[in-house]
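Okay, so here's the structure we're looking at.
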Amino acid sequence: MNTDKFTNVLTPAEVLVAEGFWKNKMELARTKVIPYEWEALNDRIEGATSSHSIMNFIIAGELTEKRKTGNAVSTSDKDFQGMVFQDSDTAKWLEAAANILMWHKDNELEALIDQVIDIICAAQQPDGYLNTYYIINGLDKRFTNLRDNHELYCLGHMLEAAVAYYQATKKRKLLDAMIHYVELVDRLFGPEPEKAKGYPGHEVIEMALIKLYRITKDERHVKLAKYFIDQRGQSPNYFEEEAVTYGNGTLWNDTYFKMGYFQAHKPVREQDTAIGHAVRAMYLYCGMADVAKETKDESLLLACQNIWNNITEKQMYITGSVGSSSTGESFSFDYDLPNQTAYAETCAAIGLVFFAQRMLLMEPDSRYADIMEKTLFNGIISGISLDGTRFFYLNPLESVPESCEKDEKCQRTDATRQKWFGVACCPPNIARLLSSVGSYIYTVKEQAVYQHLFIGSTIQHMINGEAVRIETSTNYPWDGKVKIKIVTKNPVEFQYAVRIPGWCKNYKLSLNKETVKQPVIEKGYACISRTWQDDNIIELDFSMPVVIMKSNSNVRENTGKCAVMRGPLVYCLEEEDNGGNLHCITMDINGTYQSVWEPRTLDGVTAVYSKGRKTISNRNELYMEADAEKTETIALKWIPYYAWANRSVGEMAVWIRT
């Protein structure tokens with residue numbers, strides 16, 4: 001493996017997002033989402049599904065104290081409530097809050113986090129174990145159902161939170177508690193003959209262990225992550241043996257998934273197709289990429305590349321969403337991308353961004369950054385309302401409210417965002433993504449900087465022995481102008497590589513006001529290698545016309561339909577602007593499409609206007625001759641897909657008949 005390509009990620013603390021679209025989203029996370037979700041975790045949102053996550057930790061702490069002091073634990077003690085993975089909601093909220101502290105000092109928030117950590121750590125067992133489901137329901141059953149009961153998943157998320165809080169504050173209480181828990185897991189599981197051969201049913205601990213390793217430099221953490229990756233899908237299959245030993249039932253063995261639901265149907269290096277539960281899959285692929293990078297494992301990298309290609313070329317929506325089937329919240333099969341029944345879980349899209357970033361760290365290639373950008377702008381932020389207090393679990397590309405209410409196959413799809421969910425993985429996951437957006441803009445190495453995203457931001461970094469500040473200013477995604485300023489006290493030689501988006505067919509690149517006529521392009525990046533002086537300026541101007549898109553003809557759902565994109569944004573029609581019966585509308589792919597900035601629409605968007613035709617149904621017959629109904633020309637208004645369902649309840653469609 002060519003390690004010369006490797007770059008390193010910057011933490012949210014190292015990147016100041018200063019202006020524009022994503023700064024607004026980060027401030028939304030800080031001022032609205034984090035406070036709202038704290039109330040939800042404490043069951044204080046009127047009309048919302050209860051979380052009980054914080055209460056579970058409080059109850060577990062009380063039981064732990066009783067056990068430590070020798071007091072009897074009676075059946076009258078309070079019960080665990082919620083899903084077996086309820087701890088993870090608090091963990092993701094903690095990580096999001098810690099991310100915010102990296103770029104915004106907030107003594108009140110820090111004090112609240114410390115209180116939460118005290119509550120969590122009070123529940124920890126003497127040997128390090130910390131999972132409220134088993135602490136409350138019976139410690140004798142712990143680690144008896146790795147396949148279904150999410151202990152290692154919850155540990156992984158809490159470990160990620162601990163790492164983030166340590167990076168933000170250098171406080172170690174939660175970090176040390178999680179290291180203690182990891183030591184227990186390391187004693188129990190591994191390749192050694194005396195250890196169990198288990199691995200998580202729901203992945204995430206693998207990439208969490210690599211995050212921990214990058215702080216501790218303890219090789220045991222890489223070794224444990226690698227073990228979980230290597231052991232998955234080996235024969236004899238641990239989950240099948242576990243089910244027999246503990247009587248856990250078959251679960252997905254009676255479906256076509258079988259162990260593929262858990263990505264445990266065969267060893268990971270033999271997998272080349274995304275399969276099973278989409279979030280589990282994405283987290284596994286992230287862990288594989290992390291381990292590949294740290295251990296320089298070519299076979300793991302190849303598996304990651306093959307799976308990436310399958311996802312993005314055959315199983316991904318135009319919005320960057322993945323996981324099309326409600327059966328198992330899963331990948332189904334190549335080119336199966338239904339619109340109205342799309343599962344497209346918000347967490348799965350977030351997992352795809354995690355995966356893209358990890359692939360970029362090993363191989364700076366714009367195909368990864370293109371998907372990362374597409375998913376950030378479309379498949380993820382569609383999952384949260386513009387005011388930060390309502391959420392989509394699923395992100396369909398077509399919505400008919402009456403179908404959501406009355407059609408069984410559409411009933412898991414909401415026409416409106418919800419206050420909270422019984423399975424509330426998505427809201428805190430969005431929070432931790434929004435609060436860390438800065439870490440996705442750049443990757444760096446000793447003598448090179450790669451810019452993947454165009455976000456108004458500033459970084460200060462040591463490059464080739466010199467302190468260099470890089471300032472980006474832009475109004476992206478509403479226009480394609482980007483200005484990058486290099487600030488350095490002394491001249492410094494390095495390569496600056498800036499991504500040319502795959503959606504962009506025409507652009508201008510200039511250096512210090514002089515046009516770069518034939519820039520060196522390496523895997524989608526314009527690379528400028530030179531000795532940089534103070535106040536050197538790179539300017540880009542990406543042409544951003546409206547583009548009409550079609551699917552591969554193998555996507556049956558979209559036959560005879562097209563979609564609208566402008567820059568990185570996917571657009572849709574809403575009933576609010578275009579009336580009902582969107583299925584009766586046809587678009588003119590050769591027509592004129594006009595982009596108009598509308599500051600008062602949906603917190604400020606560039607809307608797109610065009611002409612189309614709509615069939616007018618004024619007949620009573622259910623069936624009639626082909627020319628019986630008439631059409632009329634209508635004006636169409638397209639809005640960014642991420643902003644739908646923020647006004648009145650109504651229909652929405654991305655793909656429109658031509």
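The values are calculated or read from the model by the stated rules, or taken from the named source; none is laboratory data. Just so it is clear, the structure is predicted and the values come from calculations on it, not from any experiment. Counting neighbours? That spans all protein chains shown, and the Cβs are built from the backbone with ideal geometry, glycine included.
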- At least 1 residues that are under 26 Å from the mean Cα position of the chain (by Cα), touching a residue at least 40 places away in the same chain (Cβ under 8 Å) and closer than 23 Å to residue 506 by Cα in each: list the strands (runs of 3 or more DSSP E) lying fully within the stretch 551-618 that qualify. 561-566, 569-574, 605-616
- Scanning the stretch 94-142 for residues that are of a type in the set (Phe, Trp, Tyr) and part of a helix (DSSP H, G or I), which turns out farthest from residue 42 (Cα to Cα)? 103
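Give the number of residues within the stretch 362-376 that are over 12 Å from the mean Cα position of the chain (by Cα) and either more than 15 Å from residue 6 (Cα to Cα) or not aromatic (Phe, Trp, Tyr) (or both).
Taking the stretch 362-376 as the starting set, the residues that turn out to be over 12 Å from the mean Cα position of the chain (by Cα) are 362-370.
From the residues that got through so far, the ones that are either more than 15 Å from residue 6 (Cα to Cα) or not aromatic (Phe, Trp, Tyr) (or both) too are 362-367, 369-370.
Final tally of qualifying residues: 8.
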- Query: Does residue 203 satisfy being in contact with a helix residue (DSSP H, G or I) (Cβ under 9 Å, 6 or more places away or on another chain) and farther than 22 Å from residue 268 by Cβ?
  - Reply: no
- Task: Determine whether the stretch 257-268 contains at least one residue that is buried (at least 24 other Cβ atoms within 10 Å of the Cβ) and farther than 19 Å from residue 207 by Cβ.
- Result: yes
- Are any of the residues in the stretch 294-315 assigned by TED's automatic domain parsing to the domain that holds residue 211, in contact with a strand residue (DSSP E or B) (Cβ under 7 Å, 6 or more places away or on another chain), modelled with pLDDT of 95 or more and of a type outside the set (Ser, Thr, Tyr)? yes
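Scan 593, 571, 609 and give me the residue that is of a type in the set (Phe, Trp, Tyr) and either within 18 Å of residue 397 (Cα to Cα) or modelled with pLDDT under 95 (or both). Give the steps one after another, and end with the answer.
Details: 593 fails: either within 18 Å of residue 397 (Cα to Cα) or modelled with pLDDT under 95 (or both); 609 fails: either within 18 Å of residue 397 (Cα to Cα) or modelled with pLDDT under 95 (or both).
When all the criteria are applied, what remains is 571.
Under the condition of being of a type in the set (A, V, I, L, M) and in contact with a helix residue (DSSP H, G or I) (Cβ under 9 Å, 6 or more places away or on another chain), which residue from the stretch 1-19 is surrounded by the most Cβ atoms within 10 Å (Cβ to Cβ)? Steps first, please.
Going residue by residue through the stretch 1-19, those that are of a type in the set (A, V, I, L, M) are 1, 9-10, 13, 15-18.
Adding the requirement that they be in contact with a helix residue (DSSP H, G or I) (Cβ under 9 Å, 6 or more places away or on another chain) leaves 1, 9-10, 13, 15-17.
Working: 1: 17, 9: 16, 10: 18, 13: 15, 15: 26, 16: 16, 17: 23.
Among those that are of a type in the set (A, V, I, L, M) and in contact with a helix residue (DSSP H, G or I) (Cβ under 9 Å, 6 or more places away or on another chain), it is 15.
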- Test: residue in the stretch 262-272 that is in contact (Cβ under 8 Å) with a residue 24 or more places away in the chain, under 20 Å from the mean Cα position of the chain (by Cα) and part of a helix (DSSP H, G or I): yes
- Can you work out which of the residues in the stretch 518-550 that are surrounded by fewer than 18 Cβ atoms within 10 Å (Cβ to Cβ) and of a type in the set (Ser, Thr, Tyr) is nearest to the chain's Cα centre (by Cα)? 543
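Check the stretch 8-31 and report whether any residue there is within 30 Å of residue 296 (Cβ to Cβ) and small (Gly, Ala, Ser).
Within the stretch 8-31, the subset within 30 Å of residue 296 (Cβ to Cβ) is 8-15.
Keeping just the survivors that are small (Gly, Ala, Ser) gives 13.
The answer is yes; a qualifying residue exists.
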- Out of (1) within 30 Å of residue 31 (Cα to Cα); (2) β-branched (Val, Ile, Thr); (3) over 26 Å from the mean Cα position of the chain (by Cα), what's the single condition that is false for residue 100? (3)
- Looking at the stretch 484-543, which of its residues are of a type in the set (Lys, Arg) and under 23 Å from residue 463 (Cα atoms)? 485, 489, 499, 523, 530
- Item | Criterion (more than 28 Å from residue 188 (Cα to Cα), crowded, with 18+ Cβ neighbours inside 10 Å and among the hydrophobic types (A, V, I, L, M, F, W, C)) met by exactly one of 94, 112, 41 | 41
- Message: Going through 558, 578 one at a time, which residue ends up being buried (at least 19 other Cβ atoms within 10 Å of the Cβ) and over 15 Å from residue 634 (Cβ atoms)?
- Response: 558
- Item | Residues located in the stretch 342-390, provided they are in contact with a strand residue (DSSP E or B) (Cβ under 8 Å, 6 or more places away or on another chain) and among the β-branched types (Val, Ile, Thr) | 346, 371, 384
- Item | Residues that are surrounded by fewer than 20 Cβ atoms within 10 Å (Cβ to Cβ), touching a strand residue (DSSP E or B) at 6+ places or on another chain (Cβ under 9 Å), in contact (Cβ under 8 Å) with a residue 24 or more places away in the chain and in a loop (DSSP other than H, G, I, E, B), drawn from the stretch 418-458 | 419, 421, 447
- Please tell me if residue 140 is in contact (Cβ under 8 Å) with a residue 24 or more places away in the chain and acidic (Asp, Glu). no
- Message: Against the condition at pLDDT 95 or above, crowded, with 16+ Cβ neighbours inside 10 Å, not basic (Lys, Arg) and not assigned by TED's automatic domain parsing to the domain that holds residue 570, how does residue 403 come out, does it pass?
- Response: no
- Restricting attention to the stretch 507-519, does a residue exist that is at pLDDT below 95 and touching a Cys at 6+ places or on another chain (Cβ under 8 Å)? yes
- Message: Tell me yes or no: at least one residue of the stretch 327-342 is aliphatic (A, V, I, L, M) and buried (at least 20 other Cβ atoms within 10 Å of the Cβ).
- Response: yes
- Evaluate the following for residue 201: is it farther than 21 Å from residue 157 by Cβ and either not assigned by TED's automatic domain parsing to the domain that holds residue 287 or not charged (D, E, K, R) (or both)? no
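Being assigned to a helix (DSSP H, G or I) and within 24 Å of the chain's Cα centre (by Cα) narrows it down to one residue among 60, 48, 91; which is it? Break it down stepwise before answering.
On the way: 60 fails: within 24 Å of the chain's Cα centre (by Cα); 48 fails: assigned to a helix (DSSP H, G or I).
Every option except 91 fails the conditions.
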